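Undergrad: First, the structure itself, so that you have it in front of you.
The values are calculated or read from the model by the stated rules, or taken from the named source; none is laboratory data. In this text, all values refer to a predicted model and were calculated from it rather than measured experimentally. Using ideal geometry, Cβ is built from the backbone for each residue, glycine included, and neighbour counts are taken over all protein chains shown.
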Amino acid sequence: MKLTSSQIDQYEADGFLRIDDMFSDAEVALLRQESIRMGTDDRVHPGANLMEKGSEKVRLSYAVEQDSEALDAAYRLPRLVEPVKQLLGDDIYLWQSPPHP
């Protein structure tokens, strides 16, 4: 997927870009389910979730792609990666995650 010049202009003006229908309803349901699971102790990597102070609410989850095949696949989808490269350049990586070999 290639962004249009108006989409790029919108990103530059607003600091974000919303693209409707990037994921199907089934994909959204799976990713939502996996995101919820990543907020539990059902993680391979102990201590991967940082909780809000004095709360059971997850503030940050590190390296979720290592504990979820669905999230790992989603982060690598060309329809997501290519527009990000257009906006940020070719050297992109997933923040808060170790680089893949």
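Undergrad: Is there a residue in region 23-33 that is at pLDDT 85 or above, of a type in the set (D, E, K, R) and either within 12 Å of the chain's Cα centre (by Cα) or loosely packed, with under 13 Cβ neighbours inside 10 Å (or both)?
TA: Yes, there is a match, as at least one residue in region 23-33 is at pLDDT 85 or above, of a type in the set (D, E, K, R) and either within 12 Å of the chain's Cα centre (by Cα) or loosely packed, with under 13 Cβ neighbours inside 10 Å (or both).
Undergrad: When you check Glu12 against the structure, is it surrounded by 10 or more Cβ atoms within 10 Å (Cβ to Cβ) and of a type outside the set (Gly, Ala, Ser), yes or no?
TA: Criteria met by Glu12.
Undergrad: Follow-up question, since we're still on this one. Does region 46-68 hold any residues that are over 17 Å from Leu94 (Cα atoms) and not in a strand (DSSP E or B), and which are they?
TA: Result: Pro46, Gly47, Glu52, Lys53, Gly54, Ser55, Glu56, Lys57.
Undergrad: Hey, Asp67 hits all of (1) of a type in the set (Asp, Glu); (2) touching a helix residue (DSSP H, G or I) at 6+ places or on another chain (Cβ under 8 Å); (3) within 29 Å of Gln7 (Cα to Cα) but one; which does it fall short on?
TA: Single failed check for Asp67: (3).
Undergrad: For region 3-32, enumerate the residues that are in contact (Cβ under 8 Å) with a residue 12 or more places away in the chain and not in a helix (DSSP H, G or I).
TA: Leu3, Leu17, Ile19, Met22, Phe23
Undergrad: Also: For region 33-45, which residues satisfy the criterion of being part of a loop (DSSP other than H, G, I, E, B) and either over 14 Å from Gln66 (Cα atoms) or not hydrophobic (A, V, I, L, M, F, W, C) (or both)?
TA: The answer is Gly39, Thr40, Asp41, Asp42, Arg43, His45.
Undergrad: What single numbered condition from (1) in a loop (DSSP other than H, G, I, E, B); (2) surrounded by 15 or more Cβ atoms within 10 Å (Cβ to Cβ) fails to hold for Ala74?
TA: (1)
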